[in-house]
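> Mind having a look at this structure? Questions to follow.
The values are calculated or read from the model by the stated rules, or taken from the named source; none is laboratory data. Computed from a predicted structure; not experimentally measured. Here Cβ is always computed from backbone atoms with ideal geometry, including for glycine, and neighbour counts include all displayed protein chains. Heavy atoms of the whole protein, side chains included, go into the accessibility calculation; ligands, DNA and RNA do not. Shrake-Rupley method; radii C 1.70, N 1.55, O 1.52, S 1.80 Å.
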Amino acid sequence: MTTTNNNSNAPVPAFGLGTFRLKGQVVIDSVKNGLDVGYRAIDTAQIYGNEAEVGQAIAESGVARDALFITTKIWTDNYAKAKLVPSLKESLAKLRTDHVDLTLIHWPSPGNAVPVAEFMGALAEAKAQGLTKRIGVSNFNIALMKEAIAAVGAENIATNQIELHPYLQNRKVAEFAKSQGIHITSYMTLAYGKVIADPVIEAIAKAHGATTAQVTLAWAMQLGYAVIPSSTKRANLESNLKAQQLKLTDAEMAQTAALDRGERLTDPAGLSPAWD
């Protein structure tokens, strides 16, 4: 592993493989195929119920651990100081590794049952113990990011992973994070496939001889965001990777920016904060 990757404040990889909603053999095949075609960052979470399968796929892939960037997320039941580190150790056992590269708080604590300072402190402790190289948050609004920053310092928050796609560009949160030096990871970048058939994106794709998925992923990366698309099809996994070579013009970036309509697709009651 290079020195850059070893630095706990080094940015998260721009391109990774998501595993949300993938279970059993499906996730094993997706991760194995992904690693085989060149993915080196894998994103999972305790609540996905697939950490053991992800660990199995990585072990069977033959890819060296130090070539990989593994992310998991702590579930809300494990936010209390007494539970967070033990739960991460369980995740590590399932993933068959002694550390992950990034650990996120998955959602704000429901009803603020566990204060931000408590779970961010416990996450910082996990990092101090070497269980995770970087820590961060997910689905945090500006107010929650401010609390997290007050608890551990912005320099210790590697990313805020949020729903972000052409139809929900989440600009207020993204701009605040950027002002604090906190990276944004876009999840659901393809809006559950909704943007794949967008006529504006179709026209841009045609101009580049690219797919609409490639255009959308390239758009997000060009804005400086990391992306973690998932797929069960090897051909799509391979195709999505090529988004890294695609460069959109300023006009095309502007056309995509104009598609924002505040369409939020993930808003679970009892978990979601008051969105900005």
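> From the alpha carbon gyration tensor of the range 220-268, can you work out the equivalent ellipsoid semi-axes (sqrt of 5 times each eigenvalue) and give them in Å, largest to smallest?
Largest first, the range 220-268 gives 21, 19, 9 Å.
> Provide the three semi-axes, in whole Å and in decreasing order, of the ellipsoid equivalent to the range 147-247 as defined by the square roots of 5 times the Cα gyration tensor eigenvalues.
28, 14, 12
> Which Rg and Dmax, in Å, describe the Cα atoms of the range 83-224?
For the range 83-224, the Cα radius of gyration and maximum Cα-Cα distance read 17.4, 52 Å.
> Over the heavy atoms of residue 40, what accessible area does a 1.4 Å probe trace out, to the nearest 10 Å²?
90
> List residues of the range 135-176, by number, whose backbone nitrogen lies under 20 Å from a label position 7 Å along Cα→C-beta of residue 261.
163-172
> When only alpha-carbon atoms count, how far does the range 41-90 stretch along each of its three principal axes, as whole angstroms with the largest first?
Taking max minus min along each principal axis of the Cα atoms, the range 41-90 gives 36, 20, 15 Å.
> On each of the three principal axes of the Cα atoms of the range 15-152, give max minus min coordinate, whole Å, ordered largest first.
Result, largest extent first: 41, 28, 24 Å.
> Something else: Once Rh is set to the Kirkwood radius over Cα pairs, what Stokes-Einstein translational diffusion coefficient, in µm²/s, holds for the range 193-276 at a temperature of 25 °C and a viscosity of 0.890 mPa s?
Value of D from the Cα-based Kirkwood radius: 175 µm²/s.
> With +1 assigned to the C-beta of every Lys and Arg and -1 to the C-beta of every Asp and Glu, and no other charges, what is the dipole magnitude of the range 30-182 about the Cα centre in debye, to the nearest 20?
The calculation lands at about 220 debye.
> Quick one: in the range 58-125, what % of C-alpha pairs are over 15 Å apart?
Of all Cα-Cα distances in the range 58-125, 52 percent exceed 15 Å.
> Any idea which of 48, 255, 92 is furthest toward the positive side of the dipole for the chain, if Lys and Arg beta-carbons carry +1 and Asp and Glu beta-carbons -1?
Of the options given, the answer is 92.
> Still on this model: Compute the whole-percent fraction of alpha carbon pairs in the chain spaced more than 31 Å apart.
Taking all Cα-Cα pairs of the chain, the fraction more than 31 Å apart is 23 percent.
> What percent antiparallel are the DSSP beta bridges of the range 135-276, to the nearest 5?
10
> How much length is gained on full extension from residue 65 to residue 196, taking 0.36 nm per residue of separation minus their Cα-Cα distance?
Gain in length upon complete extension: 43.8 nm.
> Quick one: Cα convex hull volume of the range 171-225, Å³ per residue?
Here the figure is 77 Å³ per residue.
> Further question: Distance between the C-alpha centers of the range 9-79 and the range 227-248? Whole Å please.
16
> Sticking with this structure for a sec: Take every Cα pair under 8 Å in the range 131-185 that's 6+ residues apart, average their separations, divide by the length, and report that relative contact order as a whole percent.
40
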